[in-house]
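Structure, as structure tokens:
We did not get these values from a lab; they are worked out from the coordinates using the rules stated. Predicted, not measured: the structure shown is a model, and the values here were computed from it. Note that each Cβ is placed from the backbone with ideal geometry, even for glycine, and that neighbours are counted across all protein chains shown.
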Amino acid sequence: MKVLRLSWIVLAGLVVLMPVAWSAPPVVHHSGATPVVHHSGATPVGGQRYLGTVLAQSTVATEPEAVKRIVASAERGDPDSQNQLGMMYENGEGVPQDFIQAAKWYRKAADQGLGDAQLNLGVLYENGEGVDRDLKQAASWYRKAARQGMLLAQYTLGLMLKEGRGIPQDYAEAAKWLGKVAAEGYAVAQINLAFLHLEGLGLPQDHVKAAKLFRLAADKGHPVAQNNLGYLHRAGRGVDQNDEEAARWHLSAAEQGLANAQLQIANLYRDGLGVKQGFIESARWYRKAADQGEPLAQMAVGINYRDGRGVRQSVEKAARWLRLAADQGVAEAQYHLGNLYAEGRGAPPDDVQAYLWLSLAAKGASSDDLQAQVKDSRTRLAADMTAAQIAEAERMAAAWQPKSP
């Protein structure tokens, strides 16, 4: 049995699902896409389905006599037995694990038109297991399986078309395949289809339809959909503007561990929007998101420690958290870190390091206000530096590369 593991990324505030890899066990996790939170699939939760679909659900026999019967049947050309034997080789059940043999038997069954085998062979091509990795071939086999109604193939093909991964990007065809899976009630497909409606990609832009799809997935308990619905309520896109509803959905997703949702509910507690203002509660949620590597949350934790807001003040801890965010390219964190170095707070004063981080902040600042603040700090700092110090800081800035979380 295969499982598609998913991950999510954040685009313009929304979370989007991205496919990661396939593995074994009997449930199908996914990933997909959405403008708020790109999302992924999942297993049944609370009796509700995220996406878990029907991948060769039969029990694989491992007893020697049963294995012999399957091998004999496969060699006689029975496609179901060939597919089952492929699964056995892929997972090392009843036979030694051997991806080349798995691909061989999947192909025999797939060439006879068995949808399960076509899907399984597509997975091997996507992962480069037993065959050379070839996304074009993977998409070709997914398409064959999709045309036979295999939901996981339809969903995966839809994602590949949406992302232009291995095949030409085609939002309209992506919407067609994702729509089929969404109509069956699977949350990850609903989220990805909502993203296409929201952005008008392959479909007429329709915020109301997007919000309805997010709500369907959110009601199933999907944290990405819940978080995205929170964004829409805050912005009044496709739904009434309502900070209380936004907070409710962000909190529900945050409690399930979604880092971006934890960041959003922390912002709402900080500003008193939709919830009673509370700096301690805000700091708690920022820390949860920061511990998961969310750079904006790491910056917020640093600022909280610097200012003693919701936590006991500690400029040393402030500098450590700001450095984590600054290392990932957050311009505002780079600005605050540069000022700490200039003032000798949380670390010994270091004009070269201060100028380095302020220079990086100047490159990355996206708002006029931040640009002005960075320029002012750097101008005042440069007045007390030598030309050699400035040149060294500029050399370091030119060579600097952001770090992964």
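Contact order, relative form, for the range 242-292: 35 percent (alpha carbon pairs under 8 Å, 6 or more residues apart, mean separation divided by residue count). A full extension of the chain between Q256 and E343 corresponds to an added length of 27.3 nm, given 0.36 nm per residue minus the alpha carbon distance. For the range 226-232, putting each phi into the Karplus relation 6.51 cos²θ - 1.76 cosθ + 1.60 with θ = phi - 60° gives couplings of 4, 5, 5, 5, x, 4, 5 Hz, in residue order, rounded to whole numbers and with x for Gly and Pro. In a fully extended conformation the segment linking Q313 and D134 would gain 59.1 nm over its present Cα-Cα distance, using 0.36 nm per residue.
I'd like the projected area of the range 242-292, averaged over all directions, using the convex hull of its alpha carbons. Report it in nm² with one decimal.
2.8 nm²
Extension gain for Q148 to D368 (0.36 nm times residue separation, less C-alpha to C-alpha distance): 73.8 nm.
Please report, to one decimal in angstroms, the Kirkwood hydrodynamic radius of the range 294-399 built from all distinct Cα-Cα pairs. When all Cα pairs of the range 294-399 are included, the Kirkwood radius is 13.5 Å.
On the beta carbon distance between D291 and A399, with R0 = 35 Å, the FRET formula returns roughly 0.75. Near A210, once Lys and Arg are set to +1 and Asp and Glu to -1 for all other residues with Cβ below 11 Å from its Cβ, the sum equals +2.
Between A66 and D240, the modelled label-to-label distance comes to 5.7 nm, taking each label 7 Å out from Cα in the direction of the beta carbon.
Remark on the range 64-167: Rg and Dmax equal 13.7, 46 Å (Cα only).
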